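A short worksheet on the structure shown next.
The values are calculated or read from the model by the stated rules, or taken from the named source; none is laboratory data. A quick note: this is a predicted structure, and the numbers were derived from the prediction, not measured. Because the Cβ atoms are built from the backbone with ideal geometry, glycine has one as well, and the counts that use them run over all protein chains shown.
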Amino acid sequence: MNVNASQSLVSFADANKISTWAVDAMKWSVSNGLLSGKGKGTLDPAGVVSRAEVAAIINRFVTTFNT
């Protein structure tokens, strides 16, 4: 697990809408492949997440970091 991963979020059109307290976590999540956006180059940080989306994120986490 790369706890120091920090990919830039500039490729997402709505990166400026991410709350300050969440920016590092979002960078880490994108860097480690847990989040890839909701399409059209957005992360939708203020949007509602579905149960299926949460399940996909958890699955990616377990698959990526199961050591």
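A few points about this structure:
- Conditions (1) at pLDDT below 95; (2) exposed (fewer than 13 other Cβ atoms within 10 Å of the Cβ); (3) part of a helix (DSSP H, G or I); number of the one not met by VAL54: (1)
- ALA46 outside any loop (DSSP other than H, G, I, E, B) and either modelled with pLDDT under 90 or on the phi < 0 side of the Ramachandran plot (or both): no
- Filtered residue count, region 1-11, keeping only those that are of a type in the set (A, V, I, L, M, F, W, C) and either surrounded by fewer than 13 Cβ atoms within 10 Å (Cβ to Cβ) or modelled with pLDDT of 95 or more (or both): 3
- Total residues in region 14-35 satisfying the condition of being part of a loop (DSSP other than H, G, I, E, B) and exposed (fewer than 13 other Cβ atoms within 10 Å of the Cβ): the figure is 1.
- All conditions but one from (1) loosely packed, with under 11 Cβ neighbours inside 10 Å; (2) without any contact (Cβ under 8 Å) to a residue 24 or more places away in the chain apply to ALA46; the one that does not is (2).
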